[in-house]
Amino acid sequence: MSIFSKKCPNCTSKKYKVQYHYKTKNHGTRAILTCHNCGCSFSETTNTFLYNLKKPISTIWQAINNRTEGLGFNATARVCGISKNTLLDWENRFTNLYHVLFLYSLTHCFLQLVIEPMFAS
């Protein structure tokens, strides 16, 4: 699973056009894409970690942050107002992104500790 892969889920072609835009309940505007090769229509979030998420990103972030800070599974579900099955689904989904997020975290720390002091006055 890649983070923002815009490929046709049917033929994996990267040639597509925007068919129309739609407004989601919690995530703003998204596009429906049409593949030039096979004519398949798909959402821009198909095959990404954002696919089929119904809750706001802020709620997901709060839940994952609570879990990494040591809050228990049941307590996190209760505090965030989500079901245990939803929390379990999110944890399984974001486990696949561990390496990407870890690399991002290392890069962010490096920039803060090494690069920023070089430009501070």
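Just so it is clear, none of the values below were taken in a lab; they were calculated from the coordinates. Computed from a predicted structure; not experimentally measured. Here the Cβ positions follow ideal geometry from the backbone for every residue, glycine too, while neighbour counts run over all protein chains shown.
Within region 12-121, report the GluC sites (Glu not before Pro) that DSSP leaves as loop and that have at most 12 other Cβ atoms within 10 Å.
In loop regions of region 12-121 (DSSP not H, G, I, E or B), the sparsely surrounded GluC sites (Glu not before Pro) are E69.
Using the crude model of +1 on Lys and Arg Cβ and -1 on Asp and Glu Cβ, and no other charge, please compute the dipole size for the chain relative to its Cα centre, in debye to 20.
So the dipole magnitude of the chain works out to roughly 580 debye.
Choose one answer from L88, L33, L111: the residue with the largest mean-square fluctuation in a GNM of the chain with alpha-carbon springs under 10 Å.
The residue with the greatest mean-square fluctuation here is L111.
Let me check I've understood the local charge: for L87, count other residues with C-beta under 13 angstrom from its C-beta, Lys and Arg +1, Asp and Glu -1. What total comes out?
Local charge sum for L87: +3.
Spin-label point model (7 Å from Cα, Cβ direction): what's the H108 to N96 distance in nm?
For H108 paired with N96, the spin-label model returns 2.2 nm.
Name all residues of region 8-29 having a backbone nitrogen under 20 Å from the label point set 7 Å from the Cα of C38 along its Cα→Cβ direction, giving them as ranges.
8-20
Compute the signed sum of charges (Lys and Arg +1, Asp and Glu -1) over the other residues within less than 11 Å, Cβ to Cβ, of T34.
Local net charge: +2.
Could you check the simple spin-label distance between K25 and K54, using points 7 Å along Cα→Cβ, in nm with one decimal?
0.6 nm
Can you give the percent of C-alpha pairs in region 55-121 whose distance is more than 19 Å?
In whole percent, the long-distance tail amounts to 45.
Which pairs in the list K14/K84; K15/K54; K15/K84 are over 32 Å apart, alpha-carbon to alpha-carbon?
K14/K84; K15/K84
Reported to two decimal places, what Rg/Rh ratio describes the chain when computed on Cα atoms with Rh from the Kirkwood expression?
Taking Rg over the Kirkwood Rh, I get 1.07.
Lys and Arg at +1, Asp and Glu at -1: add these up for the other residues within a Cβ distance under 14 Å of K25 and post the number.
Around K25, the surrounding residues sum to +4.
Could you work out the relative contact order of region 1-51, using alpha carbon pairs under 8 angstrom and six or more residues apart, expressed as a whole percent?
40 percent
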